[in-house]
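Notes for the one structure printed next.
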Amino acid sequence: MLLEQRLRECLLNDQLEVWFQPIVDVRNGATPMLEALARWPLDGGFCPPDKFIPIAEESGLIMALGMAIARKVVVALPALLELESRQVVNINLSAKQLMSTTLVEEMCALVDQADLPRSCVHFELTETAVAKDSELAQLQLQALARAGFHLHLDDFGTGYSSLHRLQSLPFSTLKLDRSFVIQLGHGDARIAKVIIALGAELGLDVIAEGIETEQEYEQLRALGCYLMQGYWLARPMPLAQVLAWLEQRA
Ligand code: G
Ligand code: G
Ligand code: MN
Ligand code: NA
């Protein structure tokens, strides 16, 4: 069967899962944020998002998929907030989702109906998603920000990085792409250093992604980067497991 048809059935049967990856503040060991990551159980394993997100975008299923993820995040939030009253969950949005004219009202309705503060949901957008139709993208980002959602620029440094756009769009956070963390591990800290300084200069938080070794962790720390995400700290986990992980660290 076509993967698109199977994805459609997965959504109809509510089989898409959301896993959570901790983002740690290394200054105090707290976990102020979790990234929500879509997981599709298929044929005894998982179909990777890199494979099914493009199919969802091309087939028009992406809005249904995005809302399924957001609904699951909203369902998970009360238990997470019970452990940490300021817990934030980051939801990834793709280009097509950002371009949807119903996105902002649907997200607001979802969070409001669950009686949650909008500040506990952040959205991650890639530079590529933001660059697609930059005028509409700008309006949508402003509407999301005005609604009270914080925005993170994902994979920063790998797409179309217009510094002008960075300055004019309402982002609160840069996510330093893993490729620069890898370079750091190879002894080349130049880009990581510049992006961390850029964040500080513009008043933006910087989250380093894909930390896989203690060496990368220590180097980033020495560069003044304190928000970190990666397998070395914690892998993406189902809700029950992340709740146990958070509880154990509290
Ligand atoms: O979880 P993993 O690293 O395999 O994710 C691979 C890619 O899929 C990442 O770029 C991530 O942003 C994207 N992705 C994961 N979950 C979602 C989701 O719920 N919505 C969208 N739009 N992208 C997602
Ligand atoms: O593009 P985005 O940043 O949304 O993608 C996040 C992806 O990175 C997820 O698929 C997640 O599973 C993956 N990821 C998280 N930590 C690490 C890591 O330490 N190493 C690698 N290779 N991937 C990671
Ligand atoms: Mn992301
Ligand atoms: Na990223």
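Counting only residues at least eight positions apart within a chain, or on another chain, the lysines with an alpha carbon under 17 Å from that of K175 are K193.
Once R0 is set to 41 Å, what does the formula 1/(1 + (r/R0)^6) return for the Cβ-Cβ distance between R190 and Q138, expressed as a FRET efficiency to the nearest 0.05? Result of the calculation: an efficiency of 0.85.
Taking every C-alpha pair closer than 8 Å and separated by at least 6 residues, the mean separation divided by the residue count of the chain gives a relative contact order of 20 percent. Compactness check for the range 1-87: Cα Rg over 2.2 N^0.38 Å is 1.26.
Extension gain, R27-L12: 0.36 nm per intervening residue step, less the Cα-Cα distance, totals 1.1 nm. With no solvent and one equal point scatterer per Cα, compute the Debye intensity ratio I(q)/I(0) for the range 121-177 at 0.28, 0.29, 0.30 Å⁻¹ and report its log10, rounded to two decimals. Cα-only, vacuum Debye calculation for the range 121-177: -1.28, -1.37, -1.44.
Here the range 184-250 is treated as an ellipsoid with the same Cα gyration tensor; its semi-axes, largest first and in whole Å, are 26, 15, 9. Charged neighbours of T158, selected by a Cβ distance under 15 Å, balance to -4 (K, R count +1; D, E count -1).
If R0 is taken as 51 Å, the Cβ-Cβ distance between R221 and L2 corresponds to a FRET efficiency of 0.65.
Among the helices of the chain, those built from whole DSSP H runs whose Cα atoms reach 20 Å or more along their own axis and whose mean Kyte-Doolittle hydropathy is at least -0.5 are 62-83. Across every pair of non-identical alpha carbons in the chain, the mean reciprocal distance, once inverted, gives a Kirkwood radius of 18.7 Å. Of the residues M237, N13, P49, the one whose Cα sits farthest toward the positive end of the charge dipole of the range 3-249, with +1 on the Cβ of Lys and Arg and -1 on the Cβ of Asp and Glu, is M237.
Under the convention that each Lys and Arg Cβ holds +1 and each Asp and Glu Cβ holds -1, the size of the dipole of the range 3-249 around its Cα centre is about 220 debye.
Bear in mind these aren't lab numbers, they're just calculated from the coordinates by the rules spelled out. Worth saying up front: this structure is predicted, and the values here are computed from it rather than measured. Don't worry about glycine lacking a Cβ; one is built from the backbone with ideal geometry, like all the others, and counts go over all protein chains shown.
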